[in-house]
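Comments concern the structure below.
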Amino acid sequence: MVAITPFLITYILVLLVVVGLFIATIWINQKHALMRTKRLLLTILIGALILALPGGFGLIGLQFIPVYYIVVQGIGLLLGILFLNRMLVDMGPTFSIKPAFTLLLTGSVLGFGILLFTPLFNYLSSLQYGSIQYDLWAATSLLPFGLPMLFAYTFDALTKIPNEIYKLWYYPRHAEEIDLEGVDYYRLMLLEVQVHKQPGRKEPPINVKARTAGDVPFGMWFQKFIDDYNYKFPNDPIQIFDDTAHEYGWLFYSIKPSLFRLRSYIDVEQTIAQNNLQENYLIVAKRVEEIS
């Protein structure tokens with residue numbers, strides 16, 4: 001008969017919590033169709049198995065603390081960074097829109113990793129650290145796996161605090177067709193624009209790639225971008241006037257293609273080059289209402 005120990009009770013409680021996270025992750029995924037179920041299950045399984053591998057350090061014995069405990073923390077942190085990068089690539093804009101899913105997924109991977117790490121470490125090492133079950137504390141070395149994801153969402157929330165708005169751009173009411181003849185087509189760069197076609201729609205923004213030259217004023221280029229898009233898609237254009245036929249004000253910022261996704265305000269009166277925009281930068285265009 002297996003004796004009921006405090007460690008076994010704690011292990012079962014952790015198991016119940018992790019199963020709860022897993023069920024919540026599956027439920028959100030099915031509700032919003034964020035990821036194929038098979039891919040989701042494989043992500044959790046493979047991630048948990050990889051996190052469990054450092055349980056092999058149980059062979060080291062008492063020397064696990066403190067040196068190899070810190071080593072496993074470093075491994076967990078590195079795996080967390082790789083997992084974050086994978087989620088940014090796989091989920092795209094949905095990463096910022098559905099943080100609950102990503103955090104629950106991270107918790108599920110980490111939780112199952114701890115549940116697999118613990119018996120492996122326990123099997124390889126029978127040591128106790130004082131009166132405390134040694135292997136349960138060893139599993140806490142995996143917790144840094146969740147830090148990169150928490151940092152990413154904290155940083156994202158920080159960058160969403162709007163900067164002081166100096167200039168808004170308005171689509172010219174009597175806009176003339178913009179002719180970019182004379183532009184050196186051999187020196188064009190590719191930018192990606194993210195914009196909601198209509199405000200208030202419950203749908204993700206569109207991402208459209210467009211070419212530009214460094215010496216073109218940004219406001220003129222964005223007007224040309226809207227004209228070209230609305231010409232190609234007249235039945236579902238980018239809305240530039242509200243219901244009362246007033247022009248929307250627009251604010252722009254650029255995002256570097258990097259892990260931290262730093263934002264920079266764009267001055268519409270300056271050129272592409274003066275705004276320091278480079279190849280493959282993401283340009284986010286947002287409608288802004290002025291309150292008088």
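The values are calculated or read from the model by the stated rules, or taken from the named source; none is laboratory data. Here the structure is a predicted model, which is why all the values come from computation and not from measurement. Cβ sites come from the backbone with ideal geometry, for glycine too, and all protein chains shown count toward neighbours.
For segment 31-40, the tally of residues that are part of a helix (DSSP H, G or I) and surrounded by 14 or more Cβ atoms within 10 Å (Cβ to Cβ) stands at 1. In this structure, does Leu53 turn out to be surrounded by 14 or more Cβ atoms within 10 Å (Cβ to Cβ), more than 9 Å from the chain's Cα centre (by Cα) and within 23 Å of Phe22 (Cβ to Cβ)? So Leu53 fits the description; yes. Only a single criterion out of (1) modelled with pLDDT under 85; (2) surrounded by 14 or more Cβ atoms within 10 Å (Cβ to Cβ) is not satisfied by Glu181, namely (2).
Restricting Leu13, Leu79 to residues that are in a helix (DSSP H, G or I) and touching a residue at least 24 places away in the same chain (Cβ under 8 Å) narrows the list to Leu79. Listed by position, the strands (runs of 3 or more DSSP E) enclosed by segment 191-292 that each have at least 2 residues that are under 23 Å from Ser96 (Cβ atoms), touching a helix residue (DSSP H, G or I) at 6+ places or on another chain (Cβ under 9 Å) and at pLDDT 85 or above are 206-212, 249-255, 282-288. Among the residues of segment 19-44, just one is in contact with a Lys or Arg (Cβ under 7 Å, 6 or more places away or on another chain) and of a type outside the set (A, V, I, L, M, F, W, C), namely His32.
Look at segment 26-55: where a residue is under 11 Å from Ile114 (Cα atoms) and a partner is buried (at least 17 other Cβ atoms within 10 Å of the Cβ) and among the charged types (D, E, K, R), sitting 6+ places away or on another chain with Cβ atoms under 9 Å, you get Gly55/Asp135. Considered as a group, the residues in segment 74-91 that are out of contact with any Pro (no Cβ under 8 Å at 6 or more places or on another chain) and surrounded by 18 or more Cβ atoms within 10 Å (Cβ to Cβ) include one that is nearest to Thr102 (Cα to Cα), and that residue is Met87. If the condition is being β-branched (Val, Ile, Thr) and in contact (Cβ under 8 Å) with a residue 12 or more places away in the chain, then segment 227-279 contributes Ile238, Ile240, Ile255, Ile266, Val268, Thr271, Ile272. Is segment 62-73 home to any residue that is in a helix (DSSP H, G or I), surrounded by 20 or more Cβ atoms within 10 Å (Cβ to Cβ) and out of contact with any Cys (no Cβ under 8 Å at 6 or more places or on another chain)? Within segment 62-73 (the criterion being in a helix (DSSP H, G or I), surrounded by 20 or more Cβ atoms within 10 Å (Cβ to Cβ) and out of contact with any Cys (no Cβ under 8 Å at 6 or more places or on another chain)), the answer is yes, since at least one residue qualifies.
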